[in-house]
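Asks: This structure is in structure tokens; I'll ask about it shortly.
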Amino acid sequence: MVNLTIVPPAAAERLEPGVSLELAQWRAKHYRDIRYGLRMRLAEGADRLEGTLDLSVTLPARKADLVLDWRGEPVRDLLVNGKSVPYDIKNEHLVVQKKFLKSGPNTVRLEFESPVAVSGAAVTRYRDREDGSEYLYSLLVPADARTLFPCFDQPDLKGRFTLELDLPKTWRAVSNAPSETEIPGKEKFRTTEPISTYLFAFAAGPFEVLTADGDPVRLIVRRSRLEAAKTHVGEVLRLNREATAYFERYFERRFPFAKYDLVLLPEFPYGGMEHAGASFLNEERVLFPAPPSATDFLRRAQLLFHETSHQWFGDLVTMRWFDDLWLKEGFANFMAAKANEALLPEYDAWIAFHALKTSAVRTDATRGTTAIRYPLKNLADAKSAYGAIVYSKGPAVLRQAEFYLGEEVFQRAVRDFVKRYAYAAAGWEDLVRAFERASGRKLGPWAKAWVQRRGAPTVRVVNGRLEQADTLGEGGLWPMKLRVWTPGGFEDVLLEKKSTRINANPGLVYPNAGDFGYGRFLLDAQGVQAVLRGEHAPVTPLLQAQLVDALWEAVRDAELAPARFLSFAVWQLPLTRDDIALSGLLARIDAAFRRYLNDAQRDALAVAVERALREPEAAGSRRLLLTRAFVGLAWSPEGLAELKRMLAEGGLASRDRFRIVQRLIARGDPEAPALLARQAAADPGDDGRRYAFAAGAADAAAKPRLFRAFLEDKALPESWIEAALFPLNAPEQAALTRPLLAEALARLPELKRARKIFFVNNWLDAFIGGQTGPEALAGVEAFLQRGEIDADLRLKVLEAMDGLERAVRIRRKFAAS
């Protein structure tokens with residue numbers, strides 16, 4: 001091994017751990033024509049993989065140091081242009097001084113090792129307990145490629161990849177490009193188009209491959225799930241095929257990569273990941289562990305549409321830096337909704353889109369919110385950019401842009417944007433310029449308000465005028481186009497200042513019909529009473545869903561009693577025929593009943609709510625949704641007895657049976673432990689073991705032990721922890737988990753560093769969101785005052801704390817005992 005005791009080169013003097021914006025911008029000016037040649041040796045049961053990297057990169061006439069990102073063990077046998085040279089390891093970077101390089105093309109060859117683990121590593125191992133098979137897959141987003149191999153781990157330095165894998169002879173592999181050589185024990189893939197490091201991927205194991213006649217796309221699934229996949233492959237590939245054709249027409253560009261595979265992975269930590277040419281998908285989201293409802297079918301379709309649209313927005317055109325993450329995620333969710341509208345008319349695309357937006361509006365009303373463009377000085381913090389603002393506000397802003405500019409102008413701008421930046425990178429300013437070219441309008445103030453300002457407007461109708469105010473009281477103003485509804489009809493209005501006059505007759509008025517606007521659209525006291533009494537006849541299911549949510553905002557603002565809302569919701573249930581709208585209403589019922597009522601109020605209301613959810617004539621998807629809502633909140637002795645009757649009766653999927661047992665455990669039913677043991681014995685497979693683990697988290701006595709396992713058991717997969725987080729933190733058991741809250745907060749820096757995207761968000765949603773009392777709120781406030789976390793984590797705590805603050809305020813006013 002080369003001695004590393006050399007003086008750090010000039011370019012490395014200011015290197016910091018992670019990937020700094022300063023370094024990324026410097027490298028983008030100096031490095032060109034990047035190619036990665038990777039060979040990796042994968043062995044069954046090994047906790048490390050061995051690899052060889054052949055890198056080529058072109059340097060400018062005025063040579064520059066070569067700075068690679070590498071967070072791993074020392075590399076071996078490093079050669080630069082065929083010669084052994086000294087190098088430096090500094091703050092997670094591998095540096096070669098410019099005196100050992102030349103202007104023009106340079107080559108670097110080295111050997112490396114990387115960890116393989118069940119969680120916490122760039123390459124994840126999954127052991128299938130059904131048949132003993134092992135599967136490996138990589139996941140490098142947002143900046144974990146540097147933990148797998150030395151690279152330039154920034155999105156705007158795209159490179160071409162070739163990959164060769166040495167495998168166990170019974171395995172097959174999939175990566176970004178088509179296979180060039182495939183023989184037992186070895187697979188070599190063709191060179192990719194230019195892609196970012198976070199989009200490079202591979203998966204390997206004894207996979208099975210399913211196809212459909214005439215469709216080049218493959219569905220790749222683990223061996224033990226082959227028969228289940230056969231029942232879904234036709235529909236999955238049809239949805240993907242029709243979505244691909246839709247996007248090709250919309251973007252006016254053919255599918256941008258040489259092939260496309262859909263790879264189903266068990267316990268995958270996200271719904272999906274859009275690797276160029278090979279989307280990795282959460283197996284449960286596609287194959288369904290229990291009978292699917294309409295919302296499950298739609299959720300699957302939207303997942304497929306989302307990941308497929310990423311092949312254009314994200315993979316072909318990539319954001320320049322992760323502060324513009326919203327560009328790819330916002331477009332993926334917006335385009336998924338448009339594909340839903342075009343391809344699945346049986347579902348109301350915009351009711352589902354409204355539900356998506358709601359999470360962002362709730363976040364934007366908290367002190368922890370950010371602008372959709374999330375400033376990042378270092379990609380070490382990039383995980384924190386992921387959340388409702390990016391995934392839900394981003395698409396909402398694009399929908400408003402389409403309404404504001406007009407559909408034709410919007411589409412023309414998007415096509416221009418994709419054409420200009422194909423196989424390259426772009427920022428939000430580039431998109432705005434495309435909007436300006438297409439529309440002939442100056443959009444600077446509009447874009448600044450929506451992209452760079454945090455928060456959202458609160459919009460009301462007051463004395464015949466439409467008025468907006470900054471929800472956070474920070475003086476913000478958001479120019480937008482709205483569609484106002486009154487019982488007399490619709491009116492399109494430009495609200496570009498604080499107030500504008502509308503042609504509203506007295507009575508119920510809703511300022512965001514069609515849901516083109518973004519913000520909190522509230523009813524006045526007269527409007528609240530009109531909706532509660534049913535004194536309106538909305539012309540669309542979407543508008544009815546929006547009015548229900550407007551009532552729910554009155555609950556969250558402690559203006560309407562949760563018990564009164566529950567009475568309305570029980571009355572509204574049989575009138576809500578759209579399954580997506582029904583799902584939203586059921587979620588509000590669950591939150592009102594479980595978070596905002598005290599035990600005495602639950603005792604008084606439980607039977608009426610439970611009976612409403614056991615609608616005798618309900619069938620199909622509706623019956624599933626109502627039944628699962630009933631299982632989630634059953635409270636009364638009659639309700640718990642009904643749960644046990646459902647278990648004894650049979651006919652339910654294993655997942656639903658575990659949910660019933662979980663609820664019985666949470667309610668302290670003496671028969672619950674035996675029922676859990678019986679169900680666990682009946683379903684000993686991988687899924688059953690995870691469901692049993694999650695159900696057991698509802699046991700009062702088990703909570704401290706499981707909490708320790710969450711923090712200390714390195715062999716416990718993240719998917720198991722996330723499955724158990726919310727059963728452990730059931731709001732009815734807040735007194736039991738409050739003693740865990742202090743350590744749950746203290747461990748945040750460690751969790752941010754070691755866990756995958758979304759984990760910290762889910763952790764806070766569970767541990768803070770599972771609390772309802774002033775003691776817990778005081779504990780969170782005291783933790784923030786101690787200043788033990790960075791600014792980024794502080795925002796996340798503030799966001800989660802908003803729900804607790806509201807619960808305390810609502811319960812103090814309406815559920816004081």
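The values are calculated or read from the model by the stated rules, or taken from the named source; none is laboratory data. Because the structure is predicted, anything quoted here is derived from the model rather than measured. Cβ coordinates were reconstructed from backbone atoms using ideal geometry, including for glycine residues, and neighbour counts include every protein chain displayed. When the accessible area is computed, the model is the full protein with side chains, heavy atoms only, and any ligands, DNA or RNA have been set aside. Shrake-Rupley method; radii C 1.70, N 1.55, O 1.52, S 1.80 Å.
Asks: Taking the condition of being acidic (Asp, Glu), over 25 Å from ALA201 (Cα atoms) and under 35 Å from the mean Cα position of the chain (by Cα), how many residues in segment 83-130 meet it?
Replies: 1
Asks: A further question follows. What number of residues in segment 663-707 are of a type in the set (Gly, Ala, Ser), surrounded by 17 or more Cβ atoms within 10 Å (Cβ to Cβ) and not in a helix (DSSP H, G or I)?
Replies: Qualifying residue count, segment 663-707: 2.
Asks: Going by the conditions given, is THR52 touching a Gly at 6+ places or on another chain (Cβ under 7 Å), open to solvent by 10 Å² or more (accessible area, probe 1.4 Å) and assigned to a strand (DSSP E or B)?
Replies: So THR52 does not fit the description; no.
Asks: Looking at segment 225-238 only, could you name the residues that are open to solvent by 10 Å² or more (accessible area, probe 1.4 Å) and either within 25 Å of the chain's Cα centre (by Cα) or within 18 Å of VAL174 (Cα to Cα) (or both)?
Replies: Scanning segment 225-238 gives ARG225, LEU226, HIS232, VAL233, GLU235, ARG238.
Asks: Please work out which residue is modelled with the lowest pLDDT, limiting yourself to segment 756-787 and to residues that are open to solvent by 30 Å² or more (accessible area, probe 1.4 Å) and within 26 Å of the chain's Cα centre (by Cα).
Replies: PHE758
Asks: Would you mind finding the one in ARG611, ARG564 that is assigned to a helix (DSSP H, G or I), open to solvent by 20 Å² or more (accessible area, probe 1.4 Å), closer than 15 Å to PHE814 by Cα and not aliphatic (A, V, I, L, M)?
Replies: Sole residue among the options that is assigned to a helix (DSSP H, G or I), open to solvent by 20 Å² or more (accessible area, probe 1.4 Å), closer than 15 Å to PHE814 by Cα and not aliphatic (A, V, I, L, M): ARG564.
Asks: How many residues are basic (Lys, Arg) and closer than 17 Å to LEU356 by Cβ if we restrict to segment 517-553?
Replies: Selection size over segment 517-553: 1.
Asks: Please find, within segment 16-40, the residue that is modelled with the lowest pLDDT out of those that are out of contact with any Asp or Glu (no Cβ under 8 Å at 6 or more places or on another chain) and in a loop (DSSP other than H, G, I, E, B).
Replies: The residue in question is GLU16.
Asks: So, one more: Of the residues ARG628, ARG594, ARG622, only one is within 21 Å of ASP687 (Cα to Cα) and in a helix (DSSP H, G or I); which? Give the derivation first.
Replies: Values: ARG594 fails: within 21 Å of ASP687 (Cα to Cα); ARG622 fails: within 21 Å of ASP687 (Cα to Cα).
That would be ARG628, the only listed residue that is within 21 Å of ASP687 (Cα to Cα) and in a helix (DSSP H, G or I).
Asks: Do we find that TYR250 is open to solvent by less than 40 Å² (accessible area, probe 1.4 Å) and outside any loop (DSSP other than H, G, I, E, B) in this structure?
Replies: So TYR250 fits the description; yes.
Asks: While we're looking at this one, here's another question. Out of (1) touching a residue at least 24 places away in the same chain (Cβ under 8 Å); (2) touching a helix residue (DSSP H, G or I) at 6+ places or on another chain (Cβ under 9 Å); (3) open to solvent by 20 Å² or more (accessible area, probe 1.4 Å); (4) over 25 Å from TYR596 (Cβ atoms), the odd one out for GLU732 is which?
Replies: GLU732 satisfies every listed condition except (4).
Asks: Determine whether segment 624-639 contains at least one residue that is free of Cβ contacts under 8 Å to residues at least 12 places away in the same chain and either within 18 Å of LEU573 (Cβ to Cβ) or surrounded by fewer than 18 Cβ atoms within 10 Å (Cβ to Cβ) (or both). Explain how you work it out, then say what you get.
Replies: Quick first cut of segment 624-639, residues free of Cβ contacts under 8 Å to residues at least 12 places away in the same chain only: 637.
Filter once more, so that each one left must be either within 18 Å of LEU573 (Cβ to Cβ) or surrounded by fewer than 18 Cβ atoms within 10 Å (Cβ to Cβ) (or both): 637.
Yes, some residue in segment 624-639 is free of Cβ contacts under 8 Å to residues at least 12 places away in the same chain and either within 18 Å of LEU573 (Cβ to Cβ) or surrounded by fewer than 18 Cβ atoms within 10 Å (Cβ to Cβ) (or both).
Asks: Confirm whether ALA746 is open to solvent by 40 Å² or more (accessible area, probe 1.4 Å), modelled with pLDDT of 95 or more and closer than 25 Å to TYR596 by Cα. Full working, then the answer.
Replies: Details: open to solvent by 40 Å² or more (accessible area, probe 1.4 Å): yes; modelled with pLDDT of 95 or more: yes; closer than 25 Å to TYR596 by Cα: no.
So ALA746 fails the test.
Asks: In segment 268-280, what residues are under 17 Å from TRP720 (Cα atoms) and buried (at least 21 other Cβ atoms within 10 Å of the Cβ)?
Replies: Across segment 268-280, the qualifying residue is only PHE268.
Asks: In addition: Select from segment 519-540 the residues that are touching a Pro at 6+ places or on another chain (Cβ under 8 Å) and closer than 20 Å to ASP364 by Cα and list them in ascending order.
Replies: GLY519, ARG520, PHE521
Asks: Another one. Can you run down the residue pairs with Cβ atoms below 6 Å, 6 or more apart or on separate chains, where the first is in segment 529-542 and under 18 Å from LEU566 (Cα atoms) and the partner is in a helix (DSSP H, G or I)?
Replies: As it stands, the answer is VAL531/LEU547; VAL531/LEU551; LEU532/PHE568, since those pairs meet every condition given.
Asks: Related question: With a cut-off of at least 1 residues that are among the aliphatic types (A, V, I, L, M) and closer than 30 Å to ALA122 by Cβ, name the helices (runs of 4 or more DSSP H) lying wholly within segment 722-787.
Replies: Because the criterion is at least 1 residues that are among the aliphatic types (A, V, I, L, M) and closer than 30 Å to ALA122 by Cβ, the helices (runs of 4 or more DSSP H) in segment 722-787 that meet it are 734-746, 748-754, 759-767.
Asks: Shifting gears a bit: I'd like to verify a number: residues in segment 301-320 that are touching a helix residue (DSSP H, G or I) at 6+ places or on another chain (Cβ under 6 Å) and either part of a helix (DSSP H, G or I) or farther than 30 Å from GLY427 by Cα (or both), how many?
Replies: Residues in segment 301-320 being touching a helix residue (DSSP H, G or I) at 6+ places or on another chain (Cβ under 6 Å) and either part of a helix (DSSP H, G or I) or farther than 30 Å from GLY427 by Cα (or both): 9 in total.
Asks: Continuing with the same structure: Among the residues of segment 640-662, write down those that are among the polar types (S, T, N, Q) and crowded, with 19+ Cβ neighbours inside 10 Å.
Replies: GLN662
Asks: Can you pull out every residue in segment 156-172 that is out of contact with any helix residue (DSSP H, G or I) (no Cβ under 7 Å at 6 or more places or on another chain) and either aromatic (Phe, Trp, Tyr) or open to solvent by 10 Å² or more (accessible area, probe 1.4 Å) (or both)?
Replies: Correct list: LYS158, ARG160, PHE161, THR162, GLU164, ASP166, LEU167, PRO168, LYS169, THR170, TRP171, ARG172.
Asks: If a residue must be in contact with a helix residue (DSSP H, G or I) (Cβ under 6 Å, 6 or more places away or on another chain) and outside any helix (DSSP H, G or I), how many such residues does segment 631-658 contain?
Replies: Residues that pass the stated criteria total 3.
Asks: Return a yes/no flag: does segment 558-579 have any residue that is small (Gly, Ala, Ser), modelled with pLDDT under 95 and either over 27 Å from ASN340 (Cα atoms) or out of contact with any helix residue (DSSP H, G or I) (no Cβ under 9 Å at 6 or more places or on another chain) (or both).
Replies: Looking for residues that are small (Gly, Ala, Ser), modelled with pLDDT under 95 and either over 27 Å from ASN340 (Cα atoms) or out of contact with any helix residue (DSSP H, G or I) (no Cβ under 9 Å at 6 or more places or on another chain) (or both), one finds none in segment 558-579, hence no.
Asks: Provide a single number: the residues in segment 788-817 that are among the acidic types (Asp, Glu), touching a residue at least 40 places away in the same chain (Cβ under 8 Å), open to solvent by 30 Å² or more (accessible area, probe 1.4 Å) and assigned to a helix (DSSP H, G or I).
Replies: Total satisfying the criteria: 1.
Asks: In addition: Need at least 1 residues that are buried (at least 18 other Cβ atoms within 10 Å of the Cβ) and over 31 Å from the mean Cα position of the chain (by Cα) per element, so show me which helices (runs of 4 or more DSSP H) inside segment 444-559 make the cut, counting only ones lying wholly within it.
Replies: Numbers: elements: 444-447, 525-532, 541-556.
Those helices (runs of 4 or more DSSP H) span 525-532.
Asks: Among what's in segment 369-414 and is over 16 Å from the mean Cα position of the chain (by Cα) and small (Gly, Ala, Ser), pick the residue that is farthest from LEU15 (Cα to Cα).
Replies: Of everything passing the filter in segment 369-414, GLY406 is farthest from LEU15 (Cα to Cα).
Asks: I'm trying to understand the selection: among the residues of segment 708-721, which are of a type outside the set (A, V, I, L, M, F, W, C), part of a helix (DSSP H, G or I) and open to solvent by less than 30 Å² (accessible area, probe 1.4 Å)? Steps first, answer last, please.
Replies: Restricting attention to segment 708-721, the residues satisfying the condition of being of a type outside the set (A, V, I, L, M, F, W, C) are 708, 712-714, 717-719.
If we keep only those that are part of a helix (DSSP H, G or I) too, we end up with 708, 712, 718-719.
GLU718, SER719, listed by residue number.
Asks: Another question about this same structure. Here is a list: LEU605, LEU586. Which entry is in a helix (DSSP H, G or I) and under 25 Å from TYR347 (Cβ atoms)?
Replies: Exactly one residue qualifies, and that residue is LEU586.
Asks: Let me ask something else. Considering only segment 341-350, I want to know if a residue exists there that is open to solvent by less than 10 Å² (accessible area, probe 1.4 Å), more than 30 Å from ASP557 (Cβ to Cβ) and assigned to a helix (DSSP H, G or I).
Replies: no
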